[in-house]
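Peer 1: Supplied in structure tokens, the structure appears directly below.
The values are calculated or read from the model by the stated rules, or taken from the named source; none is laboratory data. These numbers come from a predicted model, not from an experiment. Counting neighbours? That spans all protein chains shown, and the Cβs are built from the backbone with ideal geometry, glycine included. Keep in mind that these areas ignore ligands, DNA and RNA; they rest on the heavy atoms of the full protein, side chains included. Shrake-Rupley method; radii C 1.70, N 1.55, O 1.52, S 1.80 Å.
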Amino acid sequence: MSNLKPPPPTPADISLFEEEGGYVFRDLDGLSLYVHDGDGPLRSRCEGACLARWRPLVAAPGSSPVGDWTPFERGDGTRQWAHRQRPVYVFRGDRPGTLEGDDPAEGWHRVEP
């Protein structure tokens with residue numbers, strides 16, 4: 001029997017895995033989710049060259065807030081998920097189950113439940 005707290009509420013297009021005694025958020029392809037220190041509340045600053053390395057976690061049309069998750073509209077009109085008001089991304093260099101994008105020195109951090 002697990003000693004974990006009940007899992008946090010999560011939108012249907014985000015996966016929640018139990019790992020290393022805690023929960024881990026991933027997209028539906030099993031890729032880790034990240035936030036960046038340079039973003040503002042419900043405001044993404046990832047544009048241009050940033051988008052070549054980072055993919056916004058797209059919220060499906062009609063998505064509604066769920067727990068700590070909120071969809072918002074980016075400047076280009078794309079709807080993106082935010083966790084605790086911070087825009088969420090997938091690192092294009094990750095493989096399922098890896099954390100290649102976790103780089104605190106560059107301001108990138110895995111989304112923590």
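Peer 1: Among the residues of region 16-43, write down those that are in contact (Cβ under 8 Å) with a residue 24 or more places away in the chain, open to solvent by 20 Å² or more (accessible area, probe 1.4 Å), assigned to a loop (DSSP other than H, G, I, E, B) and not aliphatic (A, V, I, L, M).
Peer 2: Across region 16-43, the qualifying residues are ASP29, ASP37, GLY38, ASP39, PRO41.
Peer 1: Restricting to region 94-113, name every residue that is farther than 12 Å from LEU33 by Cα and surrounded by fewer than 13 Cβ atoms within 10 Å (Cβ to Cβ).
Peer 2: Answer for region 94-113, where residues must be farther than 12 Å from LEU33 by Cα and surrounded by fewer than 13 Cβ atoms within 10 Å (Cβ to Cβ): PRO104, ALA105, GLU106, GLY107.
Peer 1: Against the definition (under 13 Å from the mean Cα position of the chain (by Cα) and open to solvent by 70 Å² or more (accessible area, probe 1.4 Å)), how does ASP13 come out, yes or no?
Peer 2: When the stated conditions are applied, ASP13 does not pass them.
Peer 1: If you go through region 66-82 one residue at a time, do you hit one that is over 17 Å from SER32 (Cα atoms), among the hydroxyl-bearing types (Ser, Thr, Tyr) and crowded, with 19+ Cβ neighbours inside 10 Å?
Peer 2: Yes, the conditions are met somewhere in region 66-82.
Peer 1: Of all the residues that make up region 78-113, how many are closer than 16 Å to ARG55 by Cβ, assigned to a loop (DSSP other than H, G, I, E, B) and not hydrophobic (A, V, I, L, M, F, W, C)?
Peer 2: 10
Peer 1: Kindly evaluate ARG55 against the criterion of being more than 22 Å from ASP29 (Cα to Cα), open to solvent by 60 Å² or more (accessible area, probe 1.4 Å) and either without any contact (Cβ under 8 Å) to a residue 40 or more places away in the chain or of a type in the set (Lys, Arg) (or both).
Peer 2: Considered against the rule, which asks whether it is more than 22 Å from ASP29 (Cα to Cα), open to solvent by 60 Å² or more (accessible area, probe 1.4 Å) and either without any contact (Cβ under 8 Å) to a residue 40 or more places away in the chain or of a type in the set (Lys, Arg) (or both), ARG55 comes out as no.
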